[in-house]
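> Below you'll find the structure I mean.
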Amino acid sequence: MEAIGRDWTVDVVFQDRPLGLGHAVGCAAGVVRGEAFAVLLPDEIMGAPTLLDRMTSVCRDTGGGVVGLLRVPPAEVSAYGVIEPTGPEDDGVVPVGGLIEKPAPADAPSDLIVIGRYVLTVDVFDRIAGLSPGAGGELQLTDALREQASDGPFHGVLCEVDRWDTGNPLGFALAAVDLGLRDPVIGPALAEHLRALG
Ligand code: G1P
(Lines give C-alpha, C1' and ligand atoms only; values in the text may rest on other atoms or scores of the structure.)
Protein backbone atom coordinates (compact mmCIF):
# COMPACT_ATOMS: atom_id res chain seq x y z
CA MET A 1 0.00 0.00 0.00
CA GLU A 2 2.88 2.40 0.76
CA ALA A 3 3.88 2.17 -2.92
CA ILE A 4 0.62 3.83 -4.02
CA GLY A 5 1.43 7.41 -4.98
CA ARG A 6 5.15 6.61 -5.24
CA ASP A 7 5.58 3.59 -7.53
CA TRP A 8 1.93 3.32 -8.47
CA THR A 9 -0.75 5.69 -9.55
CA VAL A 10 -4.41 4.81 -9.11
CA ASP A 11 -7.12 5.90 -11.49
CA VAL A 12 -10.72 5.45 -10.36
CA VAL A 13 -13.56 5.16 -12.84
CA PHE A 14 -17.21 4.78 -11.94
CA GLN A 15 -19.81 2.61 -13.60
CA ASP A 16 -22.81 4.82 -13.11
CA ARG A 17 -25.39 2.29 -14.31
CA PRO A 18 -25.59 -1.43 -13.40
CA LEU A 19 -25.46 -2.73 -16.98
CA GLY A 20 -23.27 -5.80 -16.36
CA LEU A 21 -19.65 -6.90 -15.97
CA GLY A 22 -18.82 -6.30 -19.64
CA HIS A 23 -20.02 -2.71 -19.31
CA ALA A 24 -18.08 -2.27 -16.04
CA VAL A 25 -14.82 -3.40 -17.66
CA GLY A 26 -15.57 -1.22 -20.70
CA CYS A 27 -15.74 1.81 -18.39
CA ALA A 28 -11.97 1.37 -17.81
CA ALA A 29 -11.13 1.59 -21.54
CA GLY A 30 -9.84 5.15 -21.18
CA VAL A 31 -7.37 4.35 -18.40
CA VAL A 32 -5.88 1.08 -19.72
CA ARG A 33 -2.95 2.30 -21.76
CA GLY A 34 -2.40 -0.19 -24.52
CA GLU A 35 -1.15 -3.12 -22.43
CA ALA A 36 -2.72 -6.37 -21.31
CA PHE A 37 -4.47 -5.88 -17.98
CA ALA A 38 -5.94 -7.91 -15.15
CA VAL A 39 -9.54 -7.97 -13.91
CA LEU A 40 -10.03 -9.19 -10.34
CA LEU A 41 -13.61 -9.66 -9.14
CA PRO A 42 -13.41 -8.90 -5.42
CA ASP A 43 -16.19 -11.26 -4.39
CA GLU A 44 -13.82 -14.14 -5.16
CA ILE A 45 -10.93 -14.51 -2.73
CA MET A 46 -7.78 -16.48 -3.55
CA GLY A 47 -5.52 -17.97 -0.92
CA ALA A 48 -2.33 -17.03 -2.84
CA PRO A 49 -1.32 -14.77 -5.77
CA THR A 50 0.22 -17.60 -7.83
CA LEU A 51 -2.81 -18.08 -10.12
CA LEU A 52 -2.64 -14.51 -11.42
CA ASP A 53 1.16 -14.80 -11.84
CA ARG A 54 0.74 -17.91 -13.97
CA MET A 55 -2.09 -16.34 -16.00
CA THR A 56 0.09 -13.30 -16.70
CA SER A 57 2.90 -15.45 -18.06
CA VAL A 58 0.49 -17.46 -20.24
CA CYS A 59 -0.82 -14.17 -21.67
CA ARG A 60 2.76 -13.04 -22.37
CA ASP A 61 3.62 -16.36 -24.04
CA THR A 62 0.47 -16.68 -26.17
CA GLY A 63 -0.51 -13.07 -26.83
CA GLY A 64 -4.12 -13.93 -26.02
CA GLY A 65 -6.52 -13.50 -23.10
CA VAL A 66 -6.48 -15.85 -20.10
CA VAL A 67 -9.14 -16.76 -17.54
CA GLY A 68 -8.84 -18.50 -14.17
CA LEU A 69 -10.61 -21.87 -14.12
CA LEU A 70 -12.00 -24.31 -11.60
CA ARG A 71 -13.56 -27.73 -12.19
CA VAL A 72 -16.90 -27.97 -10.35
CA PRO A 73 -19.77 -30.48 -10.04
CA PRO A 74 -22.22 -30.07 -12.98
CA ALA A 75 -24.97 -28.65 -10.74
CA GLU A 76 -22.80 -25.60 -9.99
CA VAL A 77 -22.04 -24.45 -13.54
CA SER A 78 -25.20 -22.38 -13.99
CA ALA A 79 -23.94 -19.71 -11.56
CA TYR A 80 -20.83 -18.98 -13.67
CA GLY A 81 -19.25 -18.49 -17.07
CA VAL A 82 -18.24 -21.88 -18.48
CA ILE A 83 -15.52 -22.55 -21.06
CA GLU A 84 -15.50 -24.81 -24.09
CA PRO A 85 -12.06 -26.47 -24.16
CA THR A 86 -10.58 -27.21 -27.57
CA GLY A 87 -7.87 -29.55 -26.34
CA PRO A 88 -6.56 -31.34 -23.31
CA GLU A 89 -5.11 -29.59 -20.29
CA ASP A 90 -1.33 -29.24 -20.43
CA ASP A 91 0.36 -28.46 -17.13
CA GLY A 92 -2.77 -26.69 -15.89
CA VAL A 93 -3.30 -24.68 -19.10
CA VAL A 94 -6.43 -25.34 -21.18
CA PRO A 95 -6.99 -24.01 -24.73
CA VAL A 96 -10.37 -22.27 -24.94
CA GLY A 97 -12.53 -22.03 -28.07
CA GLY A 98 -15.65 -20.52 -26.55
CA LEU A 99 -17.38 -19.41 -23.38
CA ILE A 100 -20.99 -19.28 -22.30
CA GLU A 101 -22.48 -17.31 -19.42
CA LYS A 102 -24.54 -19.17 -16.81
CA PRO A 103 -25.67 -22.14 -18.94
CA ALA A 104 -28.14 -24.75 -17.73
CA PRO A 105 -26.11 -27.83 -16.71
CA ALA A 106 -27.39 -29.70 -19.78
CA ASP A 107 -26.11 -26.96 -22.10
CA ALA A 108 -22.70 -26.48 -20.46
CA PRO A 109 -19.77 -27.28 -22.78
CA SER A 110 -17.63 -28.46 -19.80
CA ASP A 111 -17.42 -28.49 -16.04
CA LEU A 112 -14.76 -25.76 -16.05
CA ILE A 113 -16.03 -22.46 -14.66
CA VAL A 114 -14.46 -19.04 -14.94
CA ILE A 115 -13.53 -17.81 -11.50
CA GLY A 116 -13.19 -14.07 -11.06
CA ARG A 117 -9.69 -13.61 -12.46
CA TYR A 118 -8.93 -12.47 -16.01
CA VAL A 119 -5.80 -11.29 -17.86
CA LEU A 120 -7.10 -9.62 -21.00
CA THR A 121 -5.74 -8.02 -24.15
CA VAL A 122 -6.86 -4.51 -25.07
CA ASP A 123 -8.79 -5.59 -28.15
CA VAL A 124 -11.46 -6.80 -25.72
CA PHE A 125 -12.64 -3.18 -25.50
CA ASP A 126 -13.71 -3.26 -29.17
CA ARG A 127 -15.62 -6.48 -28.48
CA ILE A 128 -17.27 -4.93 -25.42
CA ALA A 129 -18.27 -1.85 -27.44
CA GLY A 130 -20.18 -4.15 -29.82
CA LEU A 131 -22.01 -6.16 -27.15
CA SER A 132 -25.76 -6.61 -26.97
CA PRO A 133 -27.47 -7.62 -23.71
CA GLY A 134 -26.88 -11.29 -22.92
CA ALA A 135 -27.66 -13.54 -19.95
CA GLY A 136 -29.81 -11.71 -17.39
CA GLY A 137 -30.24 -8.79 -19.81
CA GLU A 138 -26.70 -7.60 -18.96
CA LEU A 139 -23.69 -6.73 -21.15
CA GLN A 140 -21.65 -9.83 -20.36
CA LEU A 141 -17.85 -9.88 -20.37
CA THR A 142 -18.16 -13.59 -21.16
CA ASP A 143 -19.79 -12.75 -24.53
CA ALA A 144 -16.89 -10.46 -25.48
CA LEU A 145 -14.41 -13.17 -24.48
CA ARG A 146 -16.27 -15.78 -26.56
CA GLU A 147 -15.65 -13.66 -29.67
CA GLN A 148 -11.95 -13.36 -28.82
CA ALA A 149 -11.67 -17.09 -28.16
CA SER A 150 -13.26 -17.96 -31.49
CA ASP A 151 -10.88 -15.64 -33.38
CA GLY A 152 -7.48 -16.23 -31.79
CA PRO A 153 -5.48 -17.70 -28.92
CA PHE A 154 -7.34 -17.83 -25.63
CA HIS A 155 -6.54 -19.97 -22.60
CA GLY A 156 -7.63 -20.89 -19.11
CA VAL A 157 -5.39 -21.71 -16.17
CA LEU A 158 -6.65 -24.15 -13.57
CA CYS A 159 -6.70 -22.74 -10.07
CA GLU A 160 -4.61 -24.75 -7.64
CA VAL A 161 -4.88 -22.44 -4.65
CA ASP A 162 -7.67 -22.09 -2.10
CA ARG A 163 -10.56 -20.05 -3.41
CA TRP A 164 -13.73 -18.74 -1.79
CA ASP A 165 -16.74 -17.32 -3.65
CA THR A 166 -18.30 -14.83 -1.26
CA GLY A 167 -21.02 -14.06 -3.81
CA ASN A 168 -23.30 -16.71 -2.29
CA PRO A 169 -24.30 -17.03 1.39
CA LEU A 170 -22.54 -20.36 2.06
CA GLY A 171 -19.34 -19.21 0.32
CA PHE A 172 -19.39 -16.00 2.37
CA ALA A 173 -19.74 -17.97 5.64
CA LEU A 174 -16.98 -20.43 4.67
CA ALA A 175 -14.61 -17.60 3.78
CA ALA A 176 -15.23 -15.89 7.14
CA VAL A 177 -14.66 -19.13 9.08
CA ASP A 178 -11.68 -20.47 7.09
CA LEU A 179 -9.83 -17.15 6.90
CA GLY A 180 -10.79 -16.30 10.47
CA LEU A 181 -9.25 -19.57 11.69
CA ARG A 182 -6.01 -18.69 9.88
CA ASP A 183 -5.81 -15.24 11.47
CA PRO A 184 -3.33 -15.12 14.34
CA VAL A 185 -5.38 -12.55 16.25
CA ILE A 186 -8.91 -13.94 16.06
CA GLY A 187 -8.14 -17.55 15.03
CA PRO A 188 -7.79 -19.10 18.52
CA ALA A 189 -11.01 -17.56 19.86
CA LEU A 190 -12.91 -18.54 16.69
CA ALA A 191 -11.63 -22.13 16.94
CA GLU A 192 -12.70 -22.25 20.57
CA HIS A 193 -16.17 -20.97 19.64
CA LEU A 194 -16.53 -23.59 16.90
CA ARG A 195 -15.42 -26.37 19.28
CA ALA A 196 -18.01 -25.22 21.81
CA LEU A 197 -20.74 -25.49 19.14
CA GLY A 198 -19.87 -29.18 18.89
C1 G1P B 1 -19.35 -13.08 -13.05
C2 G1P B 1 -19.11 -13.49 -14.49
C3 G1P B 1 -19.07 -15.01 -14.60
C4 G1P B 1 -17.99 -15.55 -13.68
C5 G1P B 1 -18.27 -15.08 -12.24
C6 G1P B 1 -17.12 -15.47 -11.33
O7 G1P B 1 -20.64 -13.51 -12.69
O8 G1P B 1 -20.14 -12.96 -15.29
O9 G1P B 1 -18.78 -15.39 -15.93
O10 G1P B 1 -17.98 -16.97 -13.74
O11 G1P B 1 -18.39 -13.64 -12.19
O12 G1P B 1 -17.45 -15.14 -10.01
P13 G1P B 1 -21.42 -12.85 -11.42
O14 G1P B 1 -20.76 -13.41 -10.19
O15 G1P B 1 -21.26 -11.38 -11.52
O16 G1P B 1 -22.84 -13.32 -11.55
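> Which of the following residues is of a type in the set (Asp, Glu) and under 14 Å from the mean Cα position of the chain (by Cα): 61, 43, 7?
Going through 61, 43, 7 in turn, the sole match is 43.
> With the condition kept exactly as written, say whether any residue in segment 72-81 is under 21 Å from residue 122 (Cβ atoms) and of a type in the set (A, V, I, L, M).
Checked against the condition, which is being under 21 Å from residue 122 (Cβ atoms) and of a type in the set (A, V, I, L, M), segment 72-81 yields no hits at all.
> Taking into account only those residues within segment 85-109 that are within 12 Å of residue 142 (Cα to Cα) and open to solvent by 50 Å² or more (accessible area, probe 1.4 Å), which is farthest from the ligand (Cβ to nearest atom)?
In this case the residue turns out to be 100.
> Here is a follow-up. Pairs needed: first member in segment 118-146, under 27 Å from residue 61 (Cβ atoms); second member anywhere, hydroxyl-bearing (Ser, Thr, Tyr); C-beta distance under 7 Å; at least 6 residues apart or different chains.
What qualifies is 119/56.
> If you don't mind, there's one more thing I want to ask. Show the residue pairs that are 6+ apart or on different chains and have beta-carbon atoms under 9 Å apart, the first residue being within segment 15-27 and closer than 11 Å to residue 134 by Cα and of a type in the set (S, T, N, Q), the second being open to solvent by 30 Å² or more (accessible area, probe 1.4 Å) and within 13 Å of the ligand (Cβ to nearest atom).
none
> Could you grab me the full set of residues in segment 58-72 that are within 15 Å of the ligand (Cβ to nearest atom) and either of a type outside the set (Gly, Ala, Ser) or free of Cβ contacts under 8 Å to residues at least 60 places away in the same chain (or both)?
Once the filter is applied, which keeps residues that are within 15 Å of the ligand (Cβ to nearest atom) and either of a type outside the set (Gly, Ala, Ser) or free of Cβ contacts under 8 Å to residues at least 60 places away in the same chain (or both), segment 58-72 yields 66, 67, 69, 70, 71, 72.
> Now for a different question. Of the residues that make up segment 131-145, is at least one away from the ligand (no atom under 16 Å from the Cβ), over 16 Å from residue 27 (Cα atoms) and out of contact with any Gly (no Cβ under 8 Å at 6 or more places or on another chain)?
No, that holds for no residue.
> Would you mind telling me which numbered condition in (1) crowded, with 20+ Cβ neighbours inside 10 Å; (2) more than 10 Å from the ligand (Cβ to nearest atom); (3) not basic (Lys, Arg) residue 80 fails?
Failed condition: (2).
> What tally of residues in segment 53-71 results from selecting those that are open to solvent by 40 Å² or more (accessible area, probe 1.4 Å) and closer than 16 Å to residue 124 by Cβ?
3
This table checks each residue for (1) open to solvent by less than 90 Å² (accessible area, probe 1.4 Å); (2) aliphatic (A, V, I, L, M); (3) assigned to a loop (DSSP other than H, G, I, E, B); (4) modelled with pLDDT of 95 or more.
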{"residue": "15", "(1), (2), (3), (4)": "yes, no, yes, yes"}
{"residue": "22", "(1), (2), (3), (4)": "yes, no, no, yes"}
{"residue": "25", "(1), (2), (3), (4)": "yes, yes, no, yes"}
{"residue": "29", "(1), (2), (3), (4)": "yes, yes, yes, yes"}
{"residue": "33", "(1), (2), (3), (4)": "no, no, yes, no"}
{"residue": "38", "(1), (2), (3), (4)": "yes, yes, no, yes"}
{"residue": "45", "(1), (2), (3), (4)": "yes, yes, no, yes"}
{"residue": "48", "(1), (2), (3), (4)": "yes, yes, yes, no"}
{"residue": "51", "(1), (2), (3), (4)": "yes, yes, no, yes"}
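The values are calculated or read from the model by the stated rules, or taken from the named source; none is laboratory data. Since this is a predicted model, take the numbers as computed values, not measurements. Quick reminder, even Gly has a Cβ in these numbers, built from the backbone with ideal geometry, and neighbours come from all protein chains shown. SASA here: full protein model, heavy atoms, side chains in, ligands and nucleic acids out. Shrake-Rupley method; radii C 1.70, N 1.55, O 1.52, S 1.80 Å.
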